[in-house]
Amino acid sequence: MTDKNSKNYKFQAEVTQLLDILTHSLYTHRDIFIRELISNAADALDKARFKTTTGEEIADPDLNLEIRIDLDKDKKMLTISDTGIGMTKDELIKNIGTIARSGTSEFLKQISKDKDKNREINLIGRFGVGFYSVFMAGEKVEITTKSAVKEEPAYIWTSDGRGAFEIQPAAGTVKRGTSIKVFLRKDAEEFAEKYTVQHAIEKYSNFVAFPVKLDDEQINKVTAIWREPKSALKDEQYNEFFKFIARQQEEPLDRFHFSADVPIQFHSLLFVPKSNFELMGFGREEDGIHLFVKRVMVDSHAKDILPPYLRFVRGVLESDDLPLNISRETLQENPYLFKIKNTLISKYLSHLQDFSKDEEKYKEFWKQHGRILKEGYNDYTHKEKIADLFRFNSSKCANGDELISLQTYVDRMPEKHDEIYYFSGSDRESLGNNPVMDIFKSKDIEVLYCYDPIDEFVLSGLVDYKDKKFVSVDQADISKLGDVPSKDQEKTPEAKPEETKELDKLARRIKDILGVRVEDVKLSARLVGSPAVLVSSNKGMSGQMEKIMHLYNQDVKLSPKIMEINKKHPMILNMLKIYQKDVKDPVLTKLVNSLFHSIALLDGSLQDPHEMAAQIQELLAETSKLYLKED
């Protein structure tokens, strides 16, 4: 029976339309209404606590500040209560009406356009629909509220979400706070099940600052330790929190706990997992930062907090300066978040620089996450900090497991050198044995070994480090190495001018034999122990980069390379003697082709192994005949 003092109120037309959408159209994320009701309750409790701490008198001052959820399966009812600030009659009309109307027009536009039901949760948060999301699950809602103002009476607000609501005085004694009864629709009766409601609390509201009790059991037992001072926390607390937030059993490899007050207030707690599931073949890592506003999670995978090259990081970020209804669509537009992001990235990269001083731990980190971190080479805002974090094996490392930083390389460079040399390939042995390395070994010049295809993009993208330009060894200008004494200088005297002239003629003949397979044939200044080598022109991309591009797109053809021959090598000198006897000697042609195939094999650019095999077999047959004839 309706109280004689009750009064009916009509919603505006657009609010009625909104409620119709919430009641009949949105189903995929209906549990969001639990988050909204808990958030509202937490705000009410916060306000009550503030009044108490400032010495203001409030009704029922001895009440515990908490949120209670009670389920009644038989009655198909969910009740959520708080002991917060409550509402007067005017506040009841104003607050709920304002929540319903805030952004309603824009919400209606977006929801009518949007066909992706997975975005409903974001739209609800974005446009402040808030409390009225309860009508996604409730066919009728009853609010009983008592203001913290002592002399104010309690009221009951009732609505079925069909265009009107009723307010009447509450009978009997009502304690301070608000209680919301949700009479569930038939297709939403799962919200009378403890498991369903508990899952929603753990999903969205696990770190609310006040106890959230479900049928007398506190659900949010994990504390928001990112708000605590570091001095008050132990390793065990950090480790357990990481396991909870990252859903992993291993302890983290590293952590970063950072809070800022200016220019904007925020708290963050970031972890590096020991294992990289992306590296293990489980697909691309999903961004792992949980975004909280006033301890309520608004996004479990906030993609705009950290850049993709830090996607291995797990953890939380919270700021009370962000609006509670922020969503993925508005993250990039929010000026506060923009400042938070820039500060957090800079501070975290500085933290990783400090972390890298522990070489053993950082080596473990680099093996797991270095492949992802290298994707940051094109973040020019933080270029220097990122480059400082990169690690490579090199020709001066004791073995393939040793890693050095770019700073270490620069510190060991010969004086007046202005280039950092690198060489890309599949493994240390093949790179070290490649003829193009002869000159660098001879002059004891360190070369970075790059085993990951992305390294070519990384180093060419960085362009330089500490004003030292990155140069692939197969594009190096050998004349720049002339001021560095060679360890083999005494063993390799310069050729006489007349010998050089004849060798130039041999080089031209070799070019005639090989034709378009090579760009040119020249006498080499870089070779020591090898007869010949293929090098790239320093005008374009490196040879390894061309191979990578060809691998991804077969239409990208490999450019002919320059063939350099060693004017001191016995094989080349023997070929010169054959050439001097008969320019068109068929054996010379066979030797040239075989030599080309062998160096192309070492270079990784051999196009036809069958042709190479046939020529080797032919040469072996002729060699065996010569042996028998001499015998």
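Only the coordinates and a few stated rules stand behind these numbers; no lab work does. Treat the numbers as computed from the prediction; the structure is a model and nothing was measured. Neighbour counts run over all protein chains shown; Cβ positions are idealised from the backbone, glycine included.
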- Message: I'd like the trypsin sites (Lys or Arg not before Pro) in segment 193-227 restricted to DSSP loop residues with at most 12 other Cβ atoms within 10 Å, sorted by number.
- Response: LYS221
- Please order MET77, MET563, MET571 by the number of other Cβ within 10 Å, starting at the fewest. MET571, MET77, MET563
- For segment 27-86, listing chymotrypsin sites (Phe, Trp or Tyr not before Pro) in a DSSP loop whose Cβ sees at most 16 other Cβ atoms within 10 Å gives TYR27
- Query: Tally Lys/Arg at +1 and Asp/Glu at -1 over every other residue whose Cβ is under 13 Å from the Cβ of ASP187; what's the total?
  - Reply: +1
- For the residues HIS301, HIS351, HIS290, HIS267, what sequence is obtained by ranking on other C-beta atoms within 10 Å, fewest first? HIS301, HIS351, HIS267, HIS290
- Note on the structure: Gyration tensor on Cα atoms of segment 390-481, a ≥ b ≥ c root eigenvalues, a/c under 1.5 rounded, else prolate if a/b beats b/c, else oblate, says rounded
- Only Cα pairs under 8 Å and at least 6 apart count here; give the relative contact order of segment 181-252 as a rounded whole percent. 17
- Task: List the GluC sites (Glu not before Pro) within segment 391-420 that fall in a DSSP loop (any state other than H, G, I, E or B) and whose Cβ has at most 16 other Cβ atoms within 10 Å.
- Result: GLU402, GLU415
- Sum up the charges of everything whose Cβ sits under 9 Å from the Cβ of VAL212, counting Lys and Arg as +1 and Asp and Glu as -1, but leave VAL212 out. +1
- Residue order, fewest to most beta carbons within 10 Å, for PHE210, PHE312: PHE210, PHE312
- Within a Cβ distance under 12 Å of LYS383, other residues only, what is the Lys/Arg minus Asp/Glu net charge? -2
- Note on the structure: Length-normalised contact order of segment 333-447, Cα under 8 Å, at least 6 apart, in percent, tallies to 19
